[in-house]
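Where a number appears in this text, it was derived from the coordinates with a stated rule and is not lab data. Computed from a predicted structure; not experimentally measured.
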């Protein structure tokens, strides 16, 4: 069974683009999507993903708060912060919240895929 990824972003167009790109360019599946941090925590408990990609700024609960909660509940699951606000978020702040990586949306989807592969298939 392929490894599965949970996508968390309040923009449905971004979630759709991420899903398509990941499914077209990797052997991983997208097992679910969430529109905010609270939804992500519920879906993660239900779906047990192998990796979670979160946006920073979302309604109800943002990525940093969601990461803190997810890290407590699922310490083994890698978390990637995929955001337009990467420059405004310090590595220390993201690491303290539980993120394994920060990737700016401006870096492109291939950078995200490279990090996903590194985290899911460590050498």
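Got the relative contact order for the chain handy, in percent, Cα pairs under 8 Å and 6 or more residues apart?
22 percent
Run the numbers for residue 118 and residue 25: contour at 0.36 nm per residue of separation, minus the present Cα-Cα distance, in nm.
Full-extension gain reported as 32.0 nm.
By how many nm would the segment from residue 3 to residue 95 grow when fully extended, if each residue of separation counts as 0.36 nm and the alpha-carbon distance is taken off?
30.8 nm
For a quick check, take a GNM of the chain with Cα springs below 10 Å and name the residue from 40, 13, 97 with the largest mean-square fluctuation.
Sorting by GNM fluctuation, first place goes to 13.
Of all alpha-carbon pairs in the chain, indicate the percentage at a distance above 17 angstrom.
Tail of the P(r) past 17 Å holds 50 percent of the pairs.
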